[in-house]
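The next block holds one structure in the form of structure tokens; read it before the comments.
The values are calculated or read from the model by the stated rules, or taken from the named source; none is laboratory data. Since the structure is predicted, the reported quantities are computational estimates derived from the model, not experimental observations. Backbone-built Cβ (ideal geometry, glycine too); neighbour counts: all protein chains shown. The area values use the complete protein model at the heavy-atom level, side chains included, leaving out ligands, DNA and RNA. Shrake-Rupley method; radii C 1.70, N 1.55, O 1.52, S 1.80 Å.
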Amino acid sequence: MEADRLLDSLAGYIQQAEKSGQSLVGLTQQNPFDYAKFLIEQPSTNEEYRRRYHTMIETTDELKPHEKVQANREFDWAINRLNEVQIKLQDVEMRDVSFLAYTKIEAIKSSRRVWNQFGWLLGMILAFAYANLLLVMDDIFSLRLFTAPTTAYPLDYFGFVLPVLLTGAVFGVLTRFRHHFQTLGRRIIFASLIIAIYVGFVLLTQPLLFALGWTFFIQLTPIYAIILLGISGFMAMWTLVEFVWRNTRCHLGNDTLMIYY
């Protein structure tokens, strides 16, 4: 029964590899005999799981060095959480360690493709959503949402949104280098850079639009602002969940103990 389970697992790897056009050679550099022995001798402790997982990640040639560091760091985080509550991964995780490594490798590769090919577009989608959110926030803090419930007022929508869209495009392009911003200090510097880029675009684009005479006025009302808030909030959350969370996260454990890494 155990041999059948291991063979079924290996068949699952091969099927997934064929679907994605990948090779299992990237998962392990061991020969078939050593790999079979590796599958049969399953770990029993969390530390053994950690060591085996690190071995699988380090031997693959499908991940870049910083992606290997990311995969190992996130798995270590999950193992540390299990150690804190004194639970063995073996007791809650039915999949073997090689399949955990394989799914993580595929998730990182998928995430890499999304951000490298469509990062600028996703950045602009998020920027558009957040631009509308900023517009509504301006309504709230200026009290227009409460003092003029039925009054429409003109707003140069194009001049308001364009700097945010340009900043979003820059942000999307820079996500290709996101592995350089792992430490808190670098993240603060990166956030400051994005703010500086936004301020620069505001100072540059708005006078340019004014000189060219390009305007797009909308009549904004509080009711429209609330509708805008709902649509933009959904856009932002859907984009983050679909392209960030689901493309970079795999889970450990069963339905009663779900830990994402």
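The candidates 94, 137, 235, arranged from most to least accessible area with a 1.4 Å probe in the full protein assembly, appear as 94, 137, 235.
Working from Cα pairs under 8 Å separated by at least six residues, relative contact order for segment 110-208 is 41 percent. With the convex hull of its Cα atoms as the shape, segment 49-189 has an orientation-averaged projected area of 13.1 nm². With the charge dipole of segment 99-174 set up from +1 on Lys and Arg Cβ and -1 on Asp and Glu Cβ about the Cα centre, the Cα lying farthest toward the positive end among the listed residues 165, 99, 117 is that of 99. Can you send over the carbon and sulfur percentage of the accessible area for the chain, probe radius 1.4 Å, protein chains only? On the chain, the fraction of accessible area on carbon and sulfur atoms equals 68 percent. Toward the positive end of the charge dipole of the chain, with +1 on the Cβ of Lys and Arg and -1 on the Cβ of Asp and Glu, the farthest Cα among 15, 189, 225 is that of 189.
Membrane-span-like helices of the chain, defined as complete DSSP H segments with a Cα extent of 18 Å or more along the helix axis and a mean Kyte hydropathy of at least 1.6, are identified as 157-174, 184-212, 222-240. In the chain, helical runs assigned H by DSSP with n ≥ 4 each contribute -39500 (n - 2.57); averaged across all residues and rounded to the nearest 500, the mean residue ellipticity at 222 nm is -23500 deg cm²/dmol.
Extent along the principal axes, Cα only, for segment 135-261: 54, 34, 22 Å, with the longest axis given first.
Hydrodynamic radius of segment 77-119 by the Kirkwood approach over all distinct alpha-carbon pairs: 12.3 Å. From the alpha carbon centroid of segment 45-111 to that of segment 165-237 is 36 Å. About its Cα centre, the dipole of segment 56-215 is roughly 260 debye, where the only charges are +1 on Lys and Arg Cβ and -1 on Asp and Glu Cβ.
Taking every protein chain into account, the 1.4 Å probe leaves residue 121 with about 70 Å² of accessible area, to the nearest ten. Here the Kirkwood formula, the inverse mean of 1/r across different C-alpha pairs, assigns segment 206-261 a hydrodynamic radius of 15.4 Å.
Residues whose amide H comes within less than 5 Å of that of residue 259, counting only those at least five positions distant or on another chain, are 252 (H built at 1.01 Å from N in the peptide plane). A viscosity of 1.567 mPa s and a temperature of 4 °C, combined with the Kirkwood radius over C-alpha pairs in the Stokes-Einstein formula, give the chain a diffusion coefficient of 59 µm²/s.
For the chain, the relative contact order comes to 24 percent (Cα pairs under 8 Å, sequence separation of at least 6).
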